[in-house]
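Peer 1: My questions all concern the structure below.
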Amino acid sequence: MTIDGELSGGVPDVGSRDPRHDIGDVVSALRAVGLRVTAPRRAVLATLADHPHSTADAVATAVRGELGSVSTQAVYDVLAACVDAGLVRRIEPAGSAARYETRTGDNHHHVVCRSCGVTADVDCVVDERPCLTPSDDAGFEIDEAEVVFWGRCPACRATPSG
């Protein structure tokens, strides 16, 4: 059931699965970065592959639906371990809870709906990392730029109150 752009349980409903978020065999991916293979880790990664840009609470709800009893803290721990290992990316749009996705390593950006909060990927605006060159780098060696575009999604634009 879809409610305000989310599946029941708060997992964003972004339509069909985006292949850019597919990490392949979850077991192999976990082992390749030195993480133990556990049911919660497999469930978290599968949820994020199917529902990128989900909040930790939405992931926890989905994982509990699959595995039964799993604490929210356990899901936060899995997310942190996967972020540290490079399997998951954490994004923090202003005024929004942190969101997680399995599309990593390509420095893509995001567009966020001001009305419903749905988030989508936007490929790099210039083809090369870091995508943007600041007018003054203050002596930093820049290796990544994070850009968030804001607006209203098609569903909210189509709704008079959206």
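Each reported figure results from applying straightforward, stated rules to the coordinates on display, with no laboratory input. Computed from a predicted structure; not experimentally measured.
Peer 1: Around Val122, which amide H atoms from residues at least 5 apart in sequence, or from another chain, sit under 5 Å from its own amide H, with H modelled in the peptide plane?
Peer 2: The answer is His109, His110, Val111.
Peer 1: Could you list which residues have their amide H under 5 Å from that of Ser96, counting only those 5 or more apart in sequence or on another chain, with H placed in the peptide plane?
Peer 2: none
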